[in-house]
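Read-outs throughout are calculated quantities, based only on the coordinates presented, and are distinct from any laboratory measurement. In this text, all values refer to a predicted model and were calculated from it rather than measured experimentally. Backbone-built Cβ (ideal geometry, glycine too); neighbour counts: all protein chains shown.
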Amino acid sequence: MKKIQEYQKRCFKEYNKDIGYPDKNVFLQGTPIQPLVPVQTVTGKILVVGDYPTAKMATIDKIKNVPVSNSDGPLIDEIYYKGNQLHENLMAKDLQECMFDEIGIKYEDCWMTNLVKVYLFTAADVRKYKELGKEVVQTRNKFTTYAKKSLKWLNEEIEICNPELIITLGAGPAQHLIKTTKARSITLLDGLLRSYEVNGEKYPVISLPHPRILSRKKNKSWMKLFDKRICDAAKESLTTLRASNGKEKQVEVEAEAE
């Protein structure tokens, strides 16, 4: 617990400067862009890695979906008022219902985090802010730069969590953990077992589509691919991993008995 708290404090304090995030970028009313440190920190089980955080949105002067403040944590459910209606960002619900239920995982058994830990302004965000009389720098186009600088922070989380399995969500985290090209990273969202090494220790990894894709009913191609191929591959990977872990624990028990 102490290591987790120390990491959270240091990440919150040092992360933005460490990755070179622009100081001038603040939300519309002046709220600082803050790193979303992990708040669900289950150790020894599954570590889930998203790409980067969303932000809380509002409708301002009839302009919809204006980012106005930091989310409360990575990959969690949030319900809040947008200025004209309630908004539900049900990331945990989408993860469980669209993905985890299918492959045999419980959300509450996971350490939840993002590779890049701050909100990244898109070109559309920049245009909306300009209409509202405020300037911000686009940062979404620097995801790759920030991701590379964020790996050391993720590696530290992995060492603290010591997961049996790492699950990456979407092409961005897959690209940087599997160390491949942006173009090929999409093909890695297949549920097959691979590995990621941190300081000589190898951790099993499977890469899956982001739940935002699977929860959009209009994206039928990804839904069909997940249902027909990716889901089965992920379940098989989990079965293989659990069987392997069971054998290792049995060997340890026998060794202790001797």
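For the chain, just say rounded, prolate or oblate: build the C-alpha gyration tensor, square-root its eigenvalues into a ≥ b ≥ c, call rounded for a/c under 1.5, and beyond that prolate if a/b exceeds b/c, oblate if not. Don't skip to the end; give the middle numbers.
Details: a/c = 2.03, a/b = 1.57, b/c = 1.29.
Verdict is prolate for the chain.
For the stretch 1-154, what class follows from the C-alpha gyration tensor (a ≥ b ≥ c being the square roots of its eigenvalues): rounded when a/c is under 1.5, otherwise prolate if a/b is larger than b/c, else oblate?
Working: a/c = 2.08, a/b = 1.31, b/c = 1.58.
Judged from the Cα gyration tensor, the stretch 1-154 comes out oblate (a/c at least 1.5, b/c at or above a/b).
Let me have the relative contact order for the stretch 136-203, percent, based on Cα pairs under 8 Å that are six or more residues apart. Show your work: numbers first, answer last.
Details: 36 pairs, mean separation 18.8, N = 68.
Computed value for the stretch 136-203: 28 percent relative contact order.
About the Cα centre, and with charges only on the beta carbon of Lys, Arg (+1) and Asp, Glu (-1), how big is the dipole of the stretch 1-77? Nearest 20 debye, please.
Values: 11 positive and 8 negative charges, 33 e Å.
About 160 debye.
Relative contact order, percent, of the stretch 97-242 when contacts are C-alpha pairs under 8 Å separated by at least 6 residues?
Working: 159 pairs, mean separation 31.5, N = 146.
22 percent.
Given only helices, namely DSSP H runs of n ≥ 4 each adding -39500 (n - 2.57), what is the per-residue ellipticity at 222 nm of the chain, to the nearest 500 deg cm²/dmol?
-12000 deg cm²/dmol
If packing is taken as the average count of other Cβ atoms within 10 Å, what order do 6-12, 43-49 fall into, highest mean first?
On the way: 6-12: 15.0, 43-49: 20.4.
Highest-to-lowest ranking by the protection proxy: 43-49, 6-12.
Pairing the Cα long axis of helix 231-257 with the longest principal axis of the chain, what angle in degrees results, from 0 to 90 and rounded to the nearest 10?
For helix 231-257, the angle is close to 50 degrees.
Checking the a/c ratio against 1.5 first, then a/b against b/c, what shape does the Cα gyration tensor give for the stretch 134-174? Write out the running numbers ahead of the final one.
Details: a/c = 3.12, a/b = 2.14, b/c = 1.46.
Taking the square roots of the gyration eigenvalues as a ≥ b ≥ c, the stretch 134-174 is prolate.
Compute the long axis of helix 143-161 from its Cα atoms, compare it with the longest principal axis of the Cα atoms of the chain, and write down the angle in degrees, 0 to 90, nearest 10.
On a 0 to 90 degree scale, this one is about 40.
When only C-alpha pairs under 8 Å and at least 6 residues apart count, what is the relative contact order of the chain, in percent?
Numbers: 415 pairs, mean separation 49.4, N = 258.
Relative CO of the chain lands at 19 percent.
What whole-number distance in Å separates the alpha-carbon centres of the stretch 158-208 and the stretch 68-83?
If we compute the Cα centre of each part, the gap is 27 Å.
Provide T31, T41 in ascending order of the number of other Cβ atoms located within 10 Å of each residue's Cβ, fewest first.
Details: T31 14, T41 20.
The most exposed by this proxy come first: T31, T41.
Residues of the stretch 53-73 with backbone nitrogen within less than 11 Å of a virtual label 7 Å along the Cα-to-Cβ line of E88, please, listed as ranges.
Answer for this model: none.
Could you rank the peptides 109-117, 57-65 by their average count of other C-beta atoms within 10 Å per residue, with the highest value first?
Details: 109-117: 24.7, 57-65: 14.6.
Descending packing order for the listed peptides: 109-117, 57-65.
Which peptide among 18-29, 230-241 comes first, and what is the full order, when sorted by highest mean count of other Cβ atoms within 10 Å?
Numbers: 18-29: 15.1, 230-241: 17.2.
Packing proxy ranking, top to bottom: 230-241, 18-29.
What FRET efficiency comes out for the pair K202/E14, r = Cβ-Cβ distance, R0 = 35 Å, nearest 0.05?
Working: r = 28 Å, r/R0 = 0.79.
Between K202 and E14 the formula returns 0.80.
Please arrange V137, V66, V42 by counting, for each residue, the other beta carbons lying within 10 Å of its beta carbon, fewest first.
Numbers: V137 13, V66 22, V42 18.
Ranked by crowding around the Cβ, least crowded first: V137, V42, V66.
Using the Cα centre of the chain as the reference point, and only Cβ charges (+1 on K/R, -1 on D/E), how large is the resulting charge dipole? Debye, rounded to the nearest 20.
Values: 41 positive and 34 negative charges, 303 e Å.
Using Cβ point charges on Lys, Arg, Asp and Glu, the chain gives about 1460 debye.
What spacing in nm lies between the two simple spin-label points modelled at R127 and K228, each 7 Å away from Cα in the Cβ direction?
Distance between the two pseudo-spin positions: 3.5 nm.
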